[in-house]
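What follows is a single structure, written as structure tokens, with notes after it.
The values are calculated or read from the model by the stated rules, or taken from the named source; none is laboratory data. Predicted, not measured: the structure shown is a model, and the values here were computed from it. With ideal geometry, Cβ positions are generated from the backbone for all residues, glycine too; neighbour counts draw on all protein chains shown. These accessible areas exclude ligands, DNA and RNA; they are computed on the full protein's heavy atoms, side chains included. Shrake-Rupley method; radii C 1.70, N 1.55, O 1.52, S 1.80 Å.
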Amino acid sequence: MPPVRRARAHPAAGPYTDGWLSRRHRRASDDVGSGTLPDDVLFGIFSRVPGAADVLRCAATCRRWGRVVAARAAALCRALPPPPRARYLPHLALGFFHHQTKDDTGRCVRGGPRLRFVPTASASRLLGSGGGARLLALFDEAARPVASRNGRVVLELRRASVGLTFSVWNPMTGDVSVLPTLSGKDSPGDYGCAILTGDDLDNVSTSPEFFRLLLVYNRRGSTVLRRYSSETRRWGPEGEMPGGAGISSRTLRQLGPAVVHRGVAYWHTRDAALGVRVDGAPEAAPVDVCSLPYKMVPCRLDEHVLAVSADGTTLRFVRVGISTGKRCLAVSLLTSQLLGPDHVSTTGGMWDDTIDEHILLHEIKATATTTYKLLWFGEKSGTLIFAVGEDASSTSGDVFAFNLTARSLEKLADGMSYGACRNLCGYEMDRAALLAWLALR
């Protein structure tokens, strides 16, 4: 069954009739008439300026030019030279999605579980009241976020009698793709999920709607990998982990979000980072796997998370601990030491145990009994989302967002159960959405 896509008007008819970007849309006041350039000609001019900053200066000239830039933002981002990655962009992070089963009082949500978005303070001002509740209503109570990267959110739509269905959604534009259902023997149990887009894979696709979804799960005593490609609109075959390597079902249940470095998706496990390359032929099974063992083993899965350096060149390892002398929480960042510059030579790589950065969070008082769980890291924004509980008996914690560049700390939610935190995915918009957002100011 081919994926179901939400129909959208041609960009020339007006930018973003759905999604959060539609809130920014203003109707152009000057119509195309004699002596004005058509939209296609304006796009050709904008795509040849030196960079995004110059495109935004053009967008600020008049409302119509801003509308053209917003409507063609994805194509402009592909045409313009990519900006150098020297630092994180904190404003890309907008908040987090989660599958809410209980309200703030601990009672079951009236009307059943639901998909919810919790915005940051800055995103709340931009999105307006409701935080996109109308868009979330597009999905029923079974929708559960399982992955999020580069402006896309992967939602699990599981039905006991039907199987497992995934939906890939771009909240900024409103684009939705519903993938073919995995049913019967094809339906996995516990699994890890990663999504990659055209920004991750060079020379694969220039379509703004391109993505690949990667699953890792157990089958008949072995761990297998499987991927879906938007190019073929179908699932590829399963591929077993090389050498009979496997991941326990318990680890799969606790597997956190994946990060992508040089076209390889990495998951954090107890004793190593599991890397899978997915830029091969879409119809082939993903069996190009590597492992980066840790020096500090074994690692607790909820106290560490993988990250990518601000310039995008290096994998990083983030952990949280208690600073006993300062009696507060502390974030430590370590950098991986690989045996070579590419994927093939990373097998056997180790993590350096030298701390690159040690950041004290004085606002969060902590003792030896304080509990904490790292939940998500935004690769482009440098935002870390984590939960903190009072003591070892805590079953819930306050959810915070900390940005590594701005050194800003914000509380996003109070008393969120740790069970609900497993259904949490942070969200950051992609470069095209940011360009469109700024063009429609």
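Would you confirm, using the coordinates I've provided, whether residue 386 is in contact (Cβ under 8 Å) with a residue 40 or more places away in the chain, outside any loop (DSSP other than H, G, I, E, B) and not polar (S, T, N, Q)?
For residue 386, the condition - in contact (Cβ under 8 Å) with a residue 40 or more places away in the chain, outside any loop (DSSP other than H, G, I, E, B) and not polar (S, T, N, Q) - is met.
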### Query
Considering the stretch 406-433 alone, what residues qualify as being in a loop (DSSP other than H, G, I, E, B) and open to solvent by 50 Å² or more (accessible area, probe 1.4 Å)?
406, 407, 422
### Identity of the residue in the stretch 362-379, more than 18 Å from residue 410 (Cβ to Cβ) and within 27 Å of the chain's Cα centre (by Cα), that ends up most open to solvent (accessible area, probe 1.4 Å)
371
### Query
Across the stretch 272-321, what is the total count of residues that are crowded, with 20+ Cβ neighbours inside 10 Å, basic (Lys, Arg) and part of a loop (DSSP other than H, G, I, E, B)?
0
### Task
State whether the residues of the stretch 394-405 include one that is out of contact with any Leu (no Cβ under 6 Å at 6 or more places or on another chain), in a loop (DSSP other than H, G, I, E, B), open to solvent by less than 20 Å² (accessible area, probe 1.4 Å) and not hydroxyl-bearing (Ser, Thr, Tyr).
yes
#### Entry: Test for residue 226: is it of a type in the set (Lys, Arg) and open to solvent by 50 Å² or more (accessible area, probe 1.4 Å)
no
#### Entry: Residue satisfying all of: in the stretch 44-58; part of a helix (DSSP H, G or I) and modelled with pLDDT under 90; surrounded by the most Cβ atoms within 10 Å (Cβ to Cβ) among these
52
